[in-house]
1. Of the residues in the stretch 170-222, how many are aliphatic (A, V, I, L, M) and within 19 Å of the chain's Cα centre (by Cα)?
2. With the requirement that a residue be in a loop (DSSP other than H, G, I, E, B) and touching a helix residue (DSSP H, G or I) at 6+ places or on another chain (Cβ under 9 Å), what does the stretch 127-180 give you?
3. Examine the stretch 117-124 for a residue that is closer than 22 Å to Asp73 by Cα and surrounded by 13 or more Cβ atoms within 10 Å (Cβ to Cβ), and state whether such a residue exists.
4. In the stretch 53-68, how many residues are touching a Phe, Trp or Tyr at 6+ places or on another chain (Cβ under 7 Å) and either under 25 Å from Phe261 (Cα atoms) or not in a loop (DSSP other than H, G, I, E, B) (or both)?
5. Condition first: exposed (fewer than 15 other Cβ atoms within 10 Å of the Cβ) and assigned to a strand (DSSP E or B). Now tell me which residues in the stretch 1-35 satisfy that.
6. Restricting to the stretch 92-111, what's the tally of residues that are surrounded by fewer than 14 Cβ atoms within 10 Å (Cβ to Cβ), of a type outside the set (Gly, Ala, Ser) and assigned to a strand (DSSP E or B)?
7. Search the stretch 193-216 for residues that are on the phi < 0 side of the Ramachandran plot and pair each with any residue that is outside any strand (DSSP E or B) and surrounded by 15 or more Cβ atoms within 10 Å (Cβ to Cβ) when their beta-carbon atoms are under 7 Å apart and the residues are at least 6 apart or on different chains.
8. Those residues that are surrounded by 15 or more Cβ atoms within 10 Å (Cβ to Cβ) and not polar (S, T, N, Q), I need them from the stretch 128-159; list them, please.
Amino acid sequence: MVVAFADVAKAPKDLFKKPFNAGKTDIDIKSGIFTLKNSVAGDKLKSELEFKAEDALLGLGKGFTLPVTKKYDGKAVKLEFKKAFDSNGNKLNVDINTSIVPESGAYSHSLKTKITGANFVAGIDMAVDNPAAASFHACTAIKGNTVGISGSLADPSALNYVYSPCGGLFFETNLKNHTLHLYKKSGDTAVATRVGFACGSAESSFALAVKKSLASGADLSIKADQSGSIDVAHVSNLSEGVKMTLGANFNSLNLAAAPKFGAGFEFNF
């Protein structure tokens, strides 16, 4: 199955992103219609309230519905309208995003489109007030190999490429910076390796991430890179609808430095 350009290497990338939370405390409350996210890092508090509605038109569309997601983070109100259309086996997704800052009255609009066919995924993202800076992406499969391209219409010579010959090997490049992702999942263990290098430079990067599902039902995630930074996260269900994530970060090359700890709680109703 062909996926969008940004999702080709999603599996290995996710192992490096989630669920690490060292240095902050997160408390999320979720229900069927709303989500309240709170995050504290140092002396800074961030909150975001999200509401979802199946039809922004309140039933006035005579069979046509327009799902909407409303987000408010204390600074801006964001409205996300999403609609999917099916025609002759092809699927068209249209997202319209509006951001309004009540304090200043500033606002912006953006449009995202994605077409999914039998053997391709392509789309265009653009700001309504600056269509010349629109970006595009496309992905397809050729004899079992996934290939993709993305870039900006304003500078079509500056392109990004992705290539994957199988589900465990991914190569991303803009012809200057290159990243190789390796991914393997066997049973309850997933491993990802990321190697980065640049043309004409001696600089390179290396990182490793592992996720293990424990017999208790909890998940243990670890990631490390060549700088010596090591992150550890433990995710468990305290009870039905209550998830806890404990995280820590330290530098194996500088054990004298103070480690960082984090905690996250997610309540689902």
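The values are calculated or read from the model by the stated rules, or taken from the named source; none is laboratory data. A quick note: this is a predicted structure, and the numbers were derived from the prediction, not measured. Cβ atoms come from the backbone with ideal geometry, glycine included; neighbour counts cover every protein chain shown.
1. Of the stretch 170-222, the ones aliphatic (A, V, I, L, M) are 175, 180, 182, 190-192, 195, 198, 202, 207-210, 214-215, 218, 220, 222.
Subsequent filtering for residues that are within 19 Å of the chain's Cα centre (by Cα) retains 180, 182, 190-192, 207-210, 222.
Result for the stretch 170-222: 10.
2. Gly167, Gly168
3. Among the residues of the stretch 117-124, not one is closer than 22 Å to Asp73 by Cα and surrounded by 13 or more Cβ atoms within 10 Å (Cβ to Cβ), which makes the answer no.
4. 1
5. Phe34
6. 2
7. Close Cβ pairs (under 7 Å, with a partner that is outside any strand (DSSP E or B) and surrounded by 15 or more Cβ atoms within 10 Å (Cβ to Cβ)) amount to Arg194/Pro12; Arg194/Phe16; Ala207/Phe16; Ala209/Leu15; Ala209/Phe16; Lys211/Leu15.
8. Once the filter is applied, which keeps residues that are surrounded by 15 or more Cβ atoms within 10 Å (Cβ to Cβ) and not polar (S, T, N, Q), the stretch 128-159 yields Ala134, Phe136, His137, Ala138, Cys139, Ala141, Val147, Gly148, Ile149, Gly151.
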